[in-house]
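The values are calculated or read from the model by the stated rules, or taken from the named source; none is laboratory data. Fair warning: this is a prediction, and the values are worked out from it, not measured in the lab. So basically every Cβ, Gly included, is an ideal-geometry build from the backbone, and we count neighbours across all protein chains shown.
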Amino acid sequence: MTPGILESYAAVAGEDVVDHLRQLAAPLAGTRVVHVSSTREGGGVAEILRKLIPLTRALGLEASWEVIAGTPDFYRFTKSLHNGLQGKGVPLPQNLLREYENVNAENAETLRGALNDADFVFVHDPQPAALLSHFPDRKGRWIWRCHIDVQRPHRPTWRYLRQWVALYDASIFSLPEFVQPLPHPQFLVPPSIDPLSEKNIELSPEEVADVRTRFGLNPELPLVVQVSRFDRFKDPLGVIAAYRLVKRHTRLQLVLAGGGATDDPEGDAVLTEVRDAAQDDPDIHVLLLPPDAHRTVNALQRAADIVLQKSLREGFGLTVAEAMWKGKPVIGGDTGGIRLQVIQHYTGFLVRTPEGAALRMRYLLHRRDVLESMGERARRFVWENFLITRHLREYLAIMLGLRAGQTEWIEVGW
Ligand code: UDP
């Protein structure tokens with residue numbers, strides 16, 4: 001680990017914040033913590049774990065990150081699980097269900113060495129949730145970490161997943177609305193962004209200008225950006241509809257930037273729908289980015305006048321915090337974790353329809369003073385609430401609580 005990582009975070013998040021982390025971590029020195037997820041690239045979970053692991057290690061714990069390997073049928077099934085948990089239910093076919101269980105069984109064998117001896121295992125999202133059933137002799141405590149919007153899950157889907165989740169020692173959700181009846185303690189921990197990652201560090205004006213040139217963006221025209229996997233819950237078609245409504249009055253440019261996550265099999269179909277909807281409008285730029293294009297995403301968010309995240313369901317929406325950290329007001333879907341971040345009229349606007357999004361876009365494009373003051377408040381709000389240091393503090397507190405035999409239903413304040 002690079003010496004000085006904690007000092008770098010102290011410089012951004014505050015000395016007191018990092019001191020608090022050191023205090024919480026001291027009794028956990030040497031503790032073996034393993035995070036398990038289903039992809040190393042693409043999507044919010046990978047984004048968080050990439051930096052949470054080194055930071056945890058810098059605090060003296062032995063942290064590692066394991067990724068399960070799946071098959072196309074497995075990912076097809078877990079995408080259905082994901083859609084069902086977010087309320088869009090489809091039947092779960094028996095053969096795919098068996099594939100889910102088999103893939104989890106196989107991964108349990110591959111990961112047995114790493115997981116059996118761990119003191120804490122954080123299993124992220126539904127894909128690897130069934131792993132635990134293969135560890136009857138586990139020594140450590142296992143926590144299921146749910147990143148998705150499970151406010152109104154399709155009941156049969158949740159019932160199926162619940163049989164695996166109920167075996168855990170605890171679970172973590174991002175919002176109180178997502179909490180489900182489960183026979184173990186549940187914690188509330190909203191996700192976070194890393195201010196020192198390539199995605200979020202300061203960039204020079206030249207680098208931001210370069211990205212405009214690279215993608216043929218006109219620096220004279222207002223720019224609205226949405227960065228998201230090509231997923232229907234992110235409502236890219238609603239974004240195009242909103243853009244078209246604004247364009248009747250004001251010429252502007254829209255960037256829809258996305259890339260595939262390796263565990264998301266629906267991306268290609270949605271990308272085709274988006275390209276069809278954009279047709280030959282030269283002011284709509286649909287960008288398919290490689291998964292490691294963090295600096296490009298950073299520059300696009302900085303180049304934007306307004307950032308949109310018009311999701312219809314959203315566990316948290318890291319893209320919202322990322323944009324706010326760059327001083328951008330966000331017009332976001334009035335759903336899930338976006339509501340934690342976009343405070344109406346304060347850090348942005350919550351909307352339910354393309355018409356609502358268009359109205360707020362027009363307002364902000366005409367009121368630069370409001371746009372800028374909202375952006376400043378947005379940055380401050382992220383600094384106070386959504387940096388990785390706060391996230392890690394809560395994970396440390398949960399580990400301490402569970403190790404001390406905490407069995408009550410606990411809410412970790414933030
Ligand atoms: N992201 C990216 N490139 C893309 C699309 C998304 O780097 O083409 C990143 C985005 O910046 C954010 C994460 O992937 O950090 C997406 O997290 P979010 O919580 O917004 O959505 P999820 O994909 O987890 O539903």
Which numbered condition in (1) modelled with pLDDT under 95; (2) closer than 26 Å to His391 by Cβ; (3) surrounded by fewer than 24 Cβ atoms within 10 Å (Cβ to Cβ) is the only one that Ile148 fails? (3)
Among what's in the stretch 258-271 and is free of Cβ contacts under 8 Å to residues at least 60 places away in the same chain and within 16 Å of the ligand (Cβ to nearest atom), pick the residue that is farthest from Ala321 (Cα to Cα). Asp268
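Let me confirm something: among Pro54, Pro27, Pro72, which residue is surrounded by fewer than 17 Cβ atoms within 10 Å (Cβ to Cβ), of a type outside the set (A, V, I, L, M, F, W, C), in contact with a helix residue (DSSP H, G or I) (Cβ under 8 Å, 6 or more places away or on another chain) and closer than 29 Å to Gly336 by Cα?
Just one listed residue meets the conditions, Pro54.
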Of Val208, Val224, which residue is within 21 Å of Ile331 (Cβ to Cβ), out of contact with any His (no Cβ under 9 Å at 6 or more places or on another chain), in contact (Cβ under 8 Å) with a residue 24 or more places away in the chain and surrounded by fewer than 21 Cβ atoms within 10 Å (Cβ to Cβ)? Val208
Quick check on my filter: what residues within the stretch 209-257 are away from the ligand (no atom under 16 Å from the Cβ), in a helix (DSSP H, G or I) and not small (Gly, Ala, Ser)? Asp210, Arg212, Thr213, Leu237, Ile240, Tyr243, Arg244, Leu245, Val246, Lys247
Which one of these does Trp65 not meet: (1) of a type in the set (Phe, Trp, Tyr); (2) under 18 Å from the mean Cα position of the chain (by Cα); (3) assigned to a helix (DSSP H, G or I)? (3)
Regarding the stretch 300-316, can at least one residue be identified that is more than 14 Å from the ligand (Cβ to nearest atom), among the charged types (D, E, K, R), more than 21 Å from Tyr75 (Cβ to Cβ) and at pLDDT below 95? no
What tally of residues in the stretch 318-341 results from selecting those that are under 22 Å from Ser373 (Cβ atoms) and under 15 Å from the mean Cα position of the chain (by Cα)? 12
Those residues of the stretch 272-299 which are charged (D, E, K, R), at pLDDT 95 or above and within 11 Å of the ligand (Cβ to nearest atom), in sequence order: Arg295
Sole residue being at pLDDT 95 or above, in contact with a Lys or Arg (Cβ under 9 Å, 6 or more places away or on another chain) and at positive phi, chosen from Gly332, Gly238, Gly327: Gly327
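Condition check ((1) surrounded by fewer than 22 Cβ atoms within 10 Å (Cβ to Cβ); (2) among the hydrophobic types (A, V, I, L, M, F, W, C); (3) more than 19 Å from the chain's Cα centre (by Cα)) across all residues:
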{"position": "Pro136", "(1), (2), (3)": "yes, no, yes"}
{"position": "Pro153", "(1), (2), (3)": "no, no, no"}
{"position": "Asp169", "(1), (2), (3)": "yes, no, yes"}
{"position": "Ser192", "(1), (2), (3)": "no, no, no"}
{"position": "Leu196", "(1), (2), (3)": "yes, yes, no"}
Asp169: passes all of (1) more than 30 Å from Arg141 (Cβ to Cβ); (2) touching a strand residue (DSSP E or B) at 6+ places or on another chain (Cβ under 8 Å); (3) acidic (Asp, Glu) but (1)
I'd like the residue in the stretch 30-45 that is farther than 8 Å from Val67 by Cα and within 12 Å of the ligand (Cβ to nearest atom) and, out of all such residues, is surrounded by the fewest Cβ atoms within 10 Å (Cβ to Cβ). Glu41
In the stretch 337-395, anything of a type in the set (S, T, N, Q) and either touching a residue at least 24 places away in the same chain (Cβ under 8 Å) or surrounded by 15 or more Cβ atoms within 10 Å (Cβ to Cβ) (or both) is listed as Gln341, Thr347, Thr353, Asn385, Thr389
Using beta carbons and a limit of 7 Å, which pairs, at least six apart or on different chains, have the first residue in the stretch 288-301 and more than 16 Å from Asp194 (Cα to Cα) and the second one more than 8 Å from the ligand (Cβ to nearest atom) and in a loop (DSSP other than H, G, I, E, B)? Pro291/Glu41
Between Arg40, Arg76, which is touching a residue at least 24 places away in the same chain (Cβ under 8 Å) and assigned to a loop (DSSP other than H, G, I, E, B)? Arg40
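Yes/no matrix, rows are residues, columns are (1) surrounded by fewer than 19 Cβ atoms within 10 Å (Cβ to Cβ); (2) over 26 Å from Leu359 (Cα atoms); (3) among the small types (Gly, Ala, Ser):
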| residue | (1), (2), (3) |
| --- | --- |
| His249 | yes, no, no |
| Leu252 | no, no, no |
| Gly258 | no, no, yes |
| Pro265 | yes, yes, no |
| Asp281 | yes, no, no |
| Ile284 | no, no, no |
| Leu287 | yes, no, no |
| Asp292 | yes, yes, no |
| Ile306 | no, no, no |
Members of the stretch 1-57 that are more than 28 Å from Ile148 (Cβ to Cβ) and among the polar types (S, T, N, Q): Thr2, Ser8, Gln23
All but one of (1) without any contact (Cβ under 8 Å) to a residue 60 or more places away in the chain; (2) touching a Lys or Arg at 6+ places or on another chain (Cβ under 7 Å) hold for Ser171, so report the exception by its number. (2)
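Taking the conditions exactly as written (more than 30 Å from Asp73 (Cβ to Cβ) and either basic (Lys, Arg) or out of contact with any strand residue (DSSP E or B) (no Cβ under 9 Å at 6 or more places or on another chain) (or both)), does Glu266 satisfy them or not? It would help to see each step written out before you state the result.
Working: more than 30 Å from Asp73 (Cβ to Cβ): no; either basic (Lys, Arg) or out of contact with any strand residue (DSSP E or B) (no Cβ under 9 Å at 6 or more places or on another chain) (or both): yes.
Here the answer is no, as Glu266 does not meet what is asked.
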